[in-house]
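> One structure coming up, written as structure tokens, with questions to follow.
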Amino acid sequence: MEQRVSLITLGVADLERAARFYEALGWVRVDSPDGVVAFDLIGQTLGLYPKEKLAEEWGMDPAEIGGFSGITLAHNLRSCEEVAPLLARAKAAGARILKEAQDVFWGGHHGYFADPDGHVWEIAYNPFSPLAPDGAFQWNGAG
């Protein structure tokens, strides 16, 4: 298995509401089959799919799907000054702010929000992991 993630799929309660949320953050949909919403990212894709249909694909009863899975998605930025405005944009789009922008003990700056379906996003600036010119992230810095 190659060391990469190709597609991140979020199970959502209301497909169009979820799509509008990510579009309000400035993301652009790409063509995809009916019933699936996709946003191409740098080197991967974020997919939105009805939660109950995901459960069916897994062979589960939709009632078995719980809440927060313990997974967070992170969006790193080029400066700490970008964190608070992006959290504000997410809130205006319908997110719930879980942690306001603040300095972190390890030297970075971050905050958290939950999208309308409860998926948790960290918005962060990590001075030890600068982004590549195209926005690509690597743990010890992309270059």
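Each reported figure results from applying straightforward, stated rules to the coordinates on display, with no laboratory input. Quick caveat: nothing in here was measured; it's all calculated off a predicted structure. All Cβ positions, glycine included, derive from the backbone under ideal geometry; neighbour counts span all protein chains shown.
> Can you list the residues, at least 5 places off or on another chain, whose amide H is less than 5 Å from the amide H of Ala74, using H built in the peptide plane?
HN-HN under 5 Å from Ala74: Glu122.
> Which aspartates and glutamates have a Cα lying under 19 Å from the Cα of Lys99, excluding residues fewer than 8 positions away in the same chain?
Those aspartates and glutamates meeting the cut-off are Glu81, Glu82, Asp115, Asp117, Glu122.
> Let me ask something else. Could you list Met60, Met1 so that the one with the fewest beta carbons within 10 Å of its beta carbon is first and the one with the most is last?
Working: Met60 12, Met1 3.
Listed from fewest to most nearby Cβ atoms, that is Met1, Met60.
> Where does each of 94-100, 83-89, 132-138 land if you order them by average Cβ count within 10 Å, highest first? List each step's numbers first, then the result.
On the way: 94-100: 14.9, 83-89: 17.4, 132-138: 11.7.
The most tightly packed comes first, giving 83-89, 94-100, 132-138.
> Oh, and also: Tell me, in nm to one decimal, what length is gained between Leu41 and Glu16 on full extension, where the rule is 0.36 nm per residue of separation less the Cα-Cα distance?
Numbers: separation 25, 0.36 × 25 = 9.00 nm, distance 1.91 nm.
So the extension gain works out to 7.1 nm.
> Sequence gap at least 6, Cα distance under 8 Å: using those rules, report the relative contact order of the chain to the nearest whole percent. Don't jump to the answer; show the numbers that get you there.
Numbers: 248 pairs, mean separation 28.2, N = 143.
Relative contact order here is 20 percent.
> Related question: Quick one: if the Förster radius is 22 Å, what FRET efficiency do Glu23 and Arg78 give, using the C-beta to C-beta distance and rounding to 0.05?
Given R0 = 22 Å and the Cβ-Cβ separation, E is 0.45.
> Could you give the semi-axes, largest first, of the ellipsoid that matches the stretch 67-143, computed as the square roots of 5 times the alpha carbon gyration tensor eigenvalues and rounded to whole Å? Walk me through the intermediate numbers first.
On the way: eigenvalues 92, 35, 28 Å².
Output for the stretch 67-143: semi-axes of 21, 13, 12 Å.
> 7 Å from Cα along Cα→Cβ at both Lys53 and Glu122: what's the point-to-point distance in nm?
Result: 3.1 nm between the two label points.
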